[in-house]
Structure formats: C-alpha cells, structure tokens
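The values are calculated or read from the model by the stated rules, or taken from the named source; none is laboratory data. All figures in this text were calculated on a predicted structure; none of them were measured in a lab. No Cβ is skipped: glycine too gets one built from the backbone with ideal geometry, and neighbour counts run over all protein chains shown. SASA here: full protein model, heavy atoms, side chains in, ligands and nucleic acids out. Shrake-Rupley method; radii C 1.70, N 1.55, O 1.52, S 1.80 Å.
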Amino acid sequence: MKKYFILLLCFIFSGINAQEEPGAVSSEKMNIVKTNVTAYVFRNINLSYERAFNKWFSVNMGFGAMPEGKVPFINSFLNDEDEKRFQNLEVKAFNFTIEPRFYIGHGYGKGFYFAPYYRYSKVTSNTFDFYYDYTFSGNTFQIPLKGFGNTNGNSGGLMVGVQFFLTKNQNLVLDFWIAGAHYGAGKGDFTMTSDVVLTPDMQAQLKKQIEDLDVPYVNYTVETNSNGARIKIDGPWIGFRSGLSLGYRF
C-alpha cells in the first residue's frame, strides 16, 4: 500500500511538471531544508526537505528518529501503580512522512497551506522487566517476566500551517505547524517470558492484569502459556502534529 501511494504521488508530480510552460524558469528558490526544533523536547531528531513544483504546490518529505530512552509522558496513560510494573522500559522510534502542500496567497513556499499527508511510524522497546502479582491461598507473590517487542502504524491525516521567510534575501525560513491530526491502523507484537513455569491459574491472573492496564487508544489481545504471555496489537493508530521548524531556502 505504501509503495502504491508513493508511486501515485510521483505520477501526480510528473503530470504537474508536464503542464509547466516549456522553457519557463522560475526565479524563485524552490528547495527548503528544515528541522522541527520543538520535536527535540521529545528526543526526536528530525530533518525534512521541501520542493516547490510551482507557485501553489510543493511536496515536503520528513524523517524522524527517537533514540532509545524513557517513554515520554508515560504517566499520562499509565497510573503510578501500573508504571511501577515496568522496571526499566525504554523505547526507540522512527517515522517517515510525505505531505503534498497547497499554498494560498504568496506561494512558492510562503504563506498559509493545507497539507494532506501519509505517515509511517515504528516503535521498538528494549528488553524490559515486568512483574505481576499472583495471589494464592491469601498470599501475594511478585512474578517477574522479561518483555520485548515492537509496533508500527500507517496513517493519513491533514495539517494546516503557515510558512514565513525571515530575512530579506528569503533564505531563512520559519514553518509553523498550526495543527494536524492523523488516523490509521497499527499492528504490534510483544512477548513476555518467565523463568517460572506458569500454572493455568497463574496464566489466568497474568492475562487479567495485562488486560487491566487499559492503555488508551490501543486495542490489544493477550495470550498466555506456561512460559509467559504474548500481546498482539491490532487497532487504530492516532496522532497529532504541531510545532515550529527552522530551515534554509535555496
């Protein structure tokens, strides 16, 4: 699906170029390299390239990578008790975004724009420690497990923004992502293994406690066996975009 999407965009771009007048050369600078400076708060190292095809139309392609580290704002979707079950959980992430931009007003990369976009995202965890409480005959025991896995999503969305040229020679660029949102489908697979052979009753309690984590916006199913558990993610993939990018136009 992703390959067909990109091929379709390439076809559209070639058609736009073919409509330009033969021999017509714009005096405008048509290329911009940018980085979203607000994303560094979330350890997101990123770079994007925008190419203008004519006054009103351009394409922006961006890459972002978050090196392995703590999950940003983990306490916003796990309560304190559940967060403590994950002893040393860390994640790394990667995303790729392609967005055609339609400018109104000045154009050639300046002014307000609407940008439908496609985004691919992947998140991978480290090998982390997890424990659950097993209750037997009125006594509670902490059963440790080792977890690892990854999840990825394909989504489409729409962003509204405005881009400014900050200097007289129009080389320095400020790109303000006013608001954007995307929706799609995500899939993932996480495994948790234990050195303890789990009885059927232990498996049932493990399954219930993982299901009770109730992570928002994530649909997942839990399977257990004598070695541990497997968590399969298959459901919606939701995201939001906003920020400020600084760039150079040439």
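Of all accessible surface on the chain at a 1.4 Å probe, what whole percent is carbon and sulfur?
With neighbouring chains kept in place, the figure for the chain is 63 percent.
Modelling each spin label as a point 7 Å along the Cα-to-Cβ direction, I'd like the ASN139/SER226 distance in nm, to one decimal.
Between ASN139 and SER226, the simple spin-label model gives 2.3 nm.
Considering only PHE112, PHE42, PHE141, give the residue with the highest GNM mean-square fluctuation for the chain, with springs between Cα atoms whenever their separation is below 10 Å.
PHE141
Which whole-Hz couplings ³J(HN,Hα) result when phi for each residue of region 41-46 is put into the Karplus expression 6.51 cos²θ - 1.76 cosθ + 1.60, θ = phi - 60°, listed in order with x for Gly and Pro?
Rounded to whole hertz, the list is 4, 9, 6, 8, 7, 9.
In nm, what is the difference between 0.36 nm times the number of residues separating ARG51 and LEU158 and their Cα-Cα distance?
Fully extending the segment from ARG51 to LEU158 adds 36.7 nm.
Name the most mobile residue of LYS70, LYS122, LYS168, meaning the one with the largest mean-square fluctuation, in a Gaussian network model of the chain with Cα contacts below 10 Å.
Residue with maximal mean-square fluctuation among LYS70, LYS122, LYS168: LYS168.
Rounded to whole Å, give me the distance from the Cα center of region 224-250 to that of region 138-168.
Computed from Cα coordinates, the inter-centre distance equals 3 Å.
Top mean-square fluctuation among SER121, SER194, SER48, Gaussian network model of the chain, C-alpha springs under 10 Å?
Fluctuation is largest for SER194.
Counting helices only, and only those DSSP H runs with n ≥ 4, report the 222 nm mean residue ellipticity of the chain as the sum of -39,500 (n - 2.57) divided by its residues, in deg cm²/dmol to the nearest 500.
Counting only the DSSP helices, I get -4500 deg cm²/dmol.
Over region 134-250, how many pairs of lysines fall under 23 Å by alpha carbon, counting only those 8 or more apart in sequence or from different chains?
The number of close lysine pairs in region 134-250 is 9.
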